[in-house]
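Here the structure comes first, spelled out in structure tokens, and everything after it is commentary.
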Amino acid sequence: MLVTAKEMLEKAVAGHYAVGQFNINNLEWTKAILTTAQELNSPVILGVSEGAGKYMTGYKTVVGMVKGMMEELNITVPVALHLDHGSYEGCLKCVEAGFSSIMFDGSHYPIEENIAKTKELVEICAKNNMSLEAEVGSIGGEEDGVVGMGECADPNECKSIADLGVTMLAAGIGNIHGKYPANWQGLSFETLAAVKELTGDMPLVLHGGTGIPADMIKKAISLGVAKINVNTECQLSFAEATRKYIEAGKDLEGKGFDPRKLLAPGAAAIKETVKEKMELFGSVGKA
Ligand code: 13P
């Protein structure tokens with residue numbers, strides 16, 4: 001059964017660890033993440049971007065696949081199925097499809113509009129027993145080969161959004177999606193501490209979990225980060241393992257690649273990445 005992210009994140013704040021959000025793209029990724037969470041007795045959040053949702057043919061397919069897989073594999077650890085960086089319309093579609101959690105990314109709107117739309121979604125989520133993540137201060141990343149630096153959120157704006165009754169809050173603290181450029185300044189712990197000061201026990205979310213050094217991750221957790229998103233690192237480990245398998249070329253003669261064998265090394269690599277992150281975030285054994 002899917003659960004919301006509320007209880008697992010409240011426990012994480014109290015226990016000073018973080019729950020990983022790992023993005024899924026297909027059956028192999030989902031299976032790799034769910035089985036690793038179960039083996040390590042860790043809570044987990046499956047993130048689905050709008051693009052990945054579309055790729056998997058729609059949110060209803062995703063819900064069906066995840067729920068079916070959890071039942072068939074006897075997954076008993078807490079699992080939240082969460083829309084990542086949703087538009088307002090995307091959020092409504094995921095409510096309808098049966099997700100247990102959504103993120104509304106209103107960070108690119110003027111703050112008044114972000115507040116108004118987030119407020120509406122707080123009510124919708126309450127009615128549907130879902131958790132809601134909001135964002136203040138946009139998180140940078142690569143677009144058309146140009147890496148934008150992450151913004152630092154205004155702590156007062158964070159408080160205005162947190163006070164609406166969202167479950168968790170993503171505040172930009174200089175973090176970015178994808179690989180960090182060589183001249184990256186690091187996370188702004190000053191901003192994080194100021195946001196924490198004003199938002200109290202609100203679980204804070206750190207996006208762009210790929211490539212942040214372990215000591216910064218630990219410090220962020222000590223300052224109230226209870227959810228950390230990882231996507232690129234799983235993609236990289238998947239791609240590297242698949243490349244090696246293809247280059248080994250065993251199956252290039254005769255029948256060609258057996259699709260199940262072709263995807264197995266990538267899935268095994270994702271399991272390793274997820275395990276490493278769960279250990280670093282401290283969520284192992286916390287289910
Ligand atoms: P990375 O791709 O940098 O790991 O970030 C993932 C993320 O924040 C998804 O919302």
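The values are calculated or read from the model by the stated rules, or taken from the named source; none is laboratory data. None of the values given here were measured: they were computed from a predicted structure. Heads up, the Cβs are rebuilt from the backbone with ideal geometry, glycines too, and the neighbour counts pull from every protein chain shown. Just so you know, the surface numbers come from the protein's heavy atoms only, side chains and all, with ligands and any DNA or RNA stripped out. Shrake-Rupley method; radii C 1.70, N 1.55, O 1.52, S 1.80 Å.
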Quiz item: What are the lysines whose alpha-carbon lies under 26 Å from the alpha-carbon of Lys219, with same-chain residues fewer than 8 places away excluded?
Solution: Lys6, Lys11, Lys159, Lys179, Lys196, Lys227, Lys271, Lys275, Lys277, Lys286
Self-check item: Diffusion constant of the stretch 138-287 at 10 °C, which comes from Stokes-Einstein with the Kirkwood Cα-pair radius and 1.306 mPa s, µm²/s
Solution: 92
Quiz item: Quick one: accessible area per residue over the stretch 105-222, 1.4 Å probe, rounded to a whole number of Å²?
Solution: 47
Practice problem: Please tell me the relative contact order of the stretch 160-243 in percent, rounded to the nearest whole number, where contacts are Cα pairs under 8 Å and at least six residues apart. | Solution: 31
Self-check item: Cα-based equivalent ellipsoid of the stretch 1-69: semi-axis lengths in Å, sorted from largest, via gyration tensor
Solution: 23, 13, 11
Practice problem: Please list the radius of gyration and Dmax for the stretch 20-166, considering alpha-carbon atoms only, with Å as the unit. | Solution: 16.0, 46
Quiz item: How much area per residue is accessible in the stretch 6-63 when the probe is 1.4 Å and only protein heavy atoms are counted (Å²)?
Solution: 39
Quiz item: In whole percent, how big is the carbon plus sulfur part of the accessible area of the stretch 199-284, probe 1.4 Å, protein atoms only?
Solution: 57
Practice problem: Please list the helices of the chain that count as membrane-span-like by this rule: a mean Kyte-Doolittle hydropathy of at least -1.0 together with Cα atoms stretching 30 Å or more along the helix axis, each helix being a complete DSSP H run. | Solution: 259-281
Practice problem: Kindly count the pairs of lysines across the stretch 25-119 whose alpha carbons are less than 22 Å apart, treating pairs on different chains or eight or more residues apart as eligible. | Solution: 9
Self-check item: Loop-located trypsin sites (Lys or Arg not before Pro) in the stretch 163-261 whose Cβ has at most 13 other Cβ within 10 Å (DSSP)
Solution: Lys255
Self-check item: Debye log10 I(q)/I(0) at q = 0.11, 0.12, 0.16 Å⁻¹ for the chain, Cα point scatterers
Solution: -0.60, -0.72, -1.29
Exercise. Pop out the carbon and sulfur fraction of the accessible area of the stretch 73-159 as a percent, whole number, probe 1.4 Å.
Key: 48
Practice problem: Can you tell me the relative contact order of the chain? Whole percent, Cα pairs under 8 Å, sequence separation 6 or more. | Solution: 22
Quiz item: If we sort 232-241, 24-33 on the protection proxy, mean other Cβ atoms within 10 Å, highest first, what's the order?
Solution: 24-33, 232-241
